[in-house]
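The values are calculated or read from the model by the stated rules, or taken from the named source; none is laboratory data. Computed from a predicted structure; not experimentally measured. Neighbour counts are summed over all protein chains in view; Cβ atoms, including those assigned to glycine, are modelled from backbone coordinates with ideal geometry.
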Amino acid sequence: MDIIKEVMRKDLPKHMEEECPNRDYQCEHCGKEGKYAYITLSHDKKCPKKVINCSNTDCQDAIQHHRLKRHLEGCAHTEIPCKYVKLGCQMQMKRRDMPAHEVDGNYHIIMALDSVVKLLEENVDLINKVQKLTQHPITDSSDSDDESEDKSEAEESVLSLLQRLKRTSRSL
């Protein structure tokens, strides 16, 4: 940064020690050395040792910048989704309020049962499709090209359905 400023000789010591943006300066938080302008304008915003306030509303904690992420992962004021989101619960609230919500067992049990019923219905459908596809044995005797393509597609369908069935069974 090249800044040229005319300074009277009598004011030069004060300028060099207190005013010049190119003077040597040390970060008051971490001790990093550099030019005053860089340390105060750029480095200060991201200094890992600078103490900042938690970004969550209502949280009054002051944390070193480099510890903010860890703090937010446990902060009582961080908004988090319900742990039953995979069952369909769309609730999102502050971590401190979540235990009271999660205790509402009936609501989450009904969601879990609905999910199990859907998975069971999907399993039955997949089993029926596999049975239908395997009822007609596939032979290798001189098939025409069209029949060979149909056979290949049927085999792929059966394999695909079996894989989906395995995945669905695992999620039960």
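Could you check, for region 107-129, whether at least one of its residues is in contact with a helix residue (DSSP H, G or I) (Cβ under 8 Å, 6 or more places away or on another chain), without any contact (Cβ under 8 Å) to a residue 40 or more places away in the chain, of a type in the set (Lys, Arg) and not in a strand (DSSP E or B)? Among the residues of region 107-129, at least one is in contact with a helix residue (DSSP H, G or I) (Cβ under 8 Å, 6 or more places away or on another chain), without any contact (Cβ under 8 Å) to a residue 40 or more places away in the chain, of a type in the set (Lys, Arg) and not in a strand (DSSP E or B), which makes the answer yes.
A single entry from 72, 113, 87, 120 fulfils the requirement of being buried (at least 16 other Cβ atoms within 10 Å of the Cβ), of a type in the set (A, V, I, L, M, F, W, C) and more than 20 Å from residue 56 (Cα to Cα): 87.
Only one entry of 74, 31 meets the criterion of being modelled with pLDDT of 90 or more and more than 30 Å from the chain's Cα centre (by Cα), and that entry is 31. The set of residues from region 43-74 being part of a loop (DSSP other than H, G, I, E, B) and touching an Asp or Glu at 6+ places or on another chain (Cβ under 7 Å) comprises 50, 54. Take the residues in region 90-100 that are surrounded by 12 or more Cβ atoms within 10 Å (Cβ to Cβ) and either free of Cβ contacts under 8 Å to residues at least 12 places away in the same chain or outside the structural domain of residue 57 (by TED's automatic domain parsing) (or both); name whichever of them is farthest from residue 55 (Cα to Cα). By that ranking, first place goes to 91.
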